[in-house]
1. I need two numbers for the range 10-67: Rg to one decimal and Dmax as a whole number, Cα atoms only, in Å.
2. Would you mind putting 28-36, 143-151 in packing order, based on average other-beta-carbon counts within 10 Å, highest first?
3. Rg to Rh for the range 1-97: what is it, with Cα atoms only and Rh by Kirkwood?
4. Return a whole-number percent for the relative contact order of the range 1-97, with Cα pairs under 8 Å and 6 or more residues apart as the contact set.
5. Under the rule of at least 5 residues apart or a separate chain, name every residue whose amide H is placed under 5 Å from the amide H of L152.
6. Report the extension gain between Y154 and D118 in nm, rounded to one decimal, defined as 0.36 nm multiplied by the number of residues separating them, less their alpha carbon distance.
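What follows is calculated from the coordinates using simple rules that are stated; it is not laboratory data. Predicted model, so just to flag it, every value in this text is computed and none were measured. Glycine gets a Cβ as well: all are built from the backbone with ideal geometry, and neighbour counts include every protein chain shown.
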Amino acid sequence: MIDCSGEFEMDQDAALVTAFHRGDERAFDVVFQRHKRGVYNLAYRTVGAELAEDVMQEVFIQVYKSLGRFRSTGSFRAWIYGITLNVCRDSKRRHNRRRTIPYDDAGESIPDESDPSDIVQARWMYQQVEIGMLSLREDERLAVELHYLQGLSYRELSEVLHCSTGTIKARVHHAVCRLRQLLLPSIAQEEK
């Protein structure tokens, strides 16, 4: 079966941009609704919970101001994530803080009916992955987060991060290998 969902999303974004170019302000509301979660998640993972909401707001202000100039020669999603990363970098510079992950957020996706020991183990695994992610170089971490968590293709990643598709594939591969190397001993230790 052929997966055309990415093409469908790009067609919808292109139609919204065209509508906005023609003066339909409601198109921006739809753009916001379609992309707010992805922008927030990327901001959260890049600058932390404390700044994510402000980053998201600034991103959509910039998108609104720039949408009239956007030309659909590339991926809209890559374009908006590129803006998000730029705003995140500016926000980090302004606040110059290290990101921390609250322990309470570690179990957000764990169902309530889970066995308590499963919940503890899932939170522990989440923390190990987060520690591993923080040990990656920023370019590798961003590539992994954008590819696996935000669902960007390698081509879209190359647009967002301004490098070749081969470089993106290498970054993702090296990051996954490094995470595996870091996490396997912890997992083996936990299973004993």
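1. 12.3, 37
2. Final packing ranking: 143-151, 28-36.
3. On the way: Rg = 14.1 Å, Rh = 14.0 Å.
Checking Rg against Rh, the ratio lands at 1.01.
4. Numbers: 67 pairs, mean separation 30.2, N = 97.
Over the range 1-97, the number comes to 31 percent.
5. Distant-sequence amide H within range of L152: H147.
6. 9.6 nm
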